[in-house]
1. For the stretch 160-237, which trypsin sites (Lys or Arg not before Pro) are in a loop by DSSP, counting at most 12 other Cβ atoms within 10 Å?
2. Need one number: nm distance between label points at residue 123 and residue 478, each 7 Å from Cα along Cα→Cβ, rounded to one decimal.
3. Pop a pseudo-label 7 angstrom from the Cα along the beta-carbon direction at both residue 545 and residue 497 and give the gap in nm to one decimal.
4. Mark the label point 7 Å from the Cα of residue 327 along Cα→Cβ and return the residues of the stretch 222-243 whose backbone N is within less than 18 Å of it.
5. What nm value, rounded to one decimal, do you get for the distance between residue 582 and residue 568 when each label is placed 7 Å out toward the C-beta?
6. Determine the shape class of the stretch 107-195: with a ≥ b ≥ c the square roots of the Cα gyration tensor eigenvalues, call it rounded for a/c under 1.5, and otherwise prolate if a/b is greater than b/c, oblate otherwise.
7. Find, among the GluC sites (Glu not before Pro) in the stretch 573-643, those assigned to loop by DSSP (not H, G, I, E, B) with at most 14 other beta-carbon atoms within 10 angstrom.
8. Using the Kirkwood formula on the Cα atoms of the stretch 326-401, what hydrodynamic radius do you get, in angstrom to one decimal?
Amino acid sequence: MDSLFRETEEARIDRDVGSPADASETESAERGDQQAIPLTHSDVQPVAKSGDVPKYGETPAPLAADRALALTDVIAPRAKPGEAMLRFAYRLGVPGHALSAPFRRPRKTRVLATVESPLKGDRSAGIALRAGHFLINGAKLPIARVEFDSSARLGPVFDRMVHGFGWLRDLACSAPREDCVPVAERITRAWLNACPSSGKGRAWEVEFAGQRLLAWLVNAPLVLAGGDPKLKSRLLIEIEDTARWLDRNVASGGAGDLGQVAGWCAITAAGLLLPDGKPRRLYGEAGLIRALGDLVAEDGGVLSRCPDAQMLSLALLTDLIACYEAVEIEAPQALSVMRELLVPPLLSLRHGDGALGNWQGNGAISADRLSGLLEATGVRARPLEDVQNWGYQRMSGGKTLVQFDAAPPPRARHARCGCASTLAFEMSDGPQRLIVNCGGSALAGGQIPARIRQGLRATAAHSTLVLNNANSTAVKLHGKLGKGAELVEVERRLIGEGNSSGGATLIEASHDGYAARFGLKHRRTLALRKDGSELSGQDVLLPASRKGKRGKIEFAIRFHLGRGVEVHLSDDKRGASLLLPDGGLWQFRMRGETAGGHEARLSCEDSLWVDGAGCPHATEQLVIEGMTSRGGGEFSWLLKKMG
């Protein structure tokens, strides 16, 4: 047996810990790559104190030019031999959880420390809880009417909040603790009564179970400090049972899934805050670092390409690091490094108003929510501009910002609420949004009717070209995506730097989402002048093969307009004046005709835009539409600032 442990431990260290080079080769082999790709980014600074984090609009401190991180440095920190033995022993016992505390009898369950998380909740939602109802994305749900039974489907957003116990953070920031405890006990008791069996129903998806366990541990004073000893005893038993259930089932979340990261975070937190938890902590740390490696691409963007998932990942890591601080144990450097890497991609989607763009089903996540999260992390960084994996290109000139989706949509196994948004763009002038996407499909079921969820995920709900009213990537149920855009080619460069206009940033990208069905590829070119006064665009349809198809096909190029933008079409129907709420004026103009001489027409249609609270707003959209040859077509347009 001793020799078995020695040999197995050595194999374990070589395989899962090892040297940085070994770990890189292992991960590369698991992914099927020929060579491990280094994880580097020069725009990330070491963690700073939260008081040093600049507010939105302030210039960040100079960034270290030599900041480079290898993928192996993040994924495979070296463990001490003794720790490797404990982790291995714990892993052996996980299937039947007979070895949940190796070498000794487990002590009575209790929470060892009080966690002070820097994350703050939504005070309005907390006040609503004390008034007797959940407030989720602007929609009210009376607590007395909630079916806490895990077999009931409340809707994705409500399921996450109710079964993940995210409402505890909101409640905690709404009033003094003594006023919040009775509400927390009431809801917790109702949930425990409705969900007596572990492992069954919606509440026992790995993501919800992980979020719930972490919420109980981080907010223990709210749910364990009340005057009901029976409830306290029941909840402590449930905490241990949930931790053991996650020990056995966390891998069912699927590689590259945010749910698996939530599960591993909860397991690690339980190892920190429950008695005799060191083996569980080591087991959780190893699993978490692997899961983060599967979730996050080399540039720091999550593979779902979803801003909300990026923020949830940051929040999970921030809560977990607070658990380490509560018990005065140093967190693995990999977790801090990963948290640093997650911030710059998120900043690339920040508009001039400080809020995020509407991408992959999200609404325009508010500036306050984003700023609060960034302040809690203490990470100082600049936004990414030219990225390949996160996929959102960013151009800036003067006060003008452009976000461009120049990557394929997420793979089906990564997509949370996948949208067919390839080659769509958003544009803002200072705090005013000029061109947007509809967004909000992930929030459907609250103020947004569930019946329009699929429509909000469609290509037509984004500011891009649509052929024959078809999606560039198939939109399936439950947030998944099918066949469509697989290959996106991108080129970014500066043009005309030596001329009097100061030059421009040009991005050219193409996708093959329509090639199989219609024999055409879509290529879009965007060029933003350095002073931000002009954005010129060109949408080109190219034959996907040498032998083009005959006939004509319908096309539409949609420009969804920001909230409050007034539209006045020109007399010749080839242009429009766009008046912003702050008095700014932009001119939109079509240039040229479609291939074959078929003139396109410009019209104004109704649209909608979803804000960060999940509230839809009636807006308008400009549409260039017409018929074009199946042999291809070219459509040019210009947005010019007039004042």
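1. 200
2. Going from the residue 123 label point to the residue 478 one covers 4.1 nm.
3. 4.3
4. From the stretch 222-243, the list is 236-243.
5. According to this spin-label approximation, the distance is 2.1 nm.
6. Judged from the Cα gyration tensor, the stretch 107-195 comes out oblate (a/c at least 1.5, b/c at or above a/b).
7. Passing sites in the stretch 573-643 are 599.
8. Hydrodynamic radius (Kirkwood, Cα only) of the stretch 326-401 equals 13.9 Å.
The values are calculated or read from the model by the stated rules, or taken from the named source; none is laboratory data. Keep in mind that what you see is a predicted model, and the values were worked out from it rather than measured. Please note: Cβ atoms are built from the backbone with ideal geometry, for glycine as well, and neighbour counts cover all protein chains shown. These area figures cover heavy atoms from the full protein model, side chains too; ligands, DNA and RNA do not enter into them. Shrake-Rupley method; radii C 1.70, N 1.55, O 1.52, S 1.80 Å.
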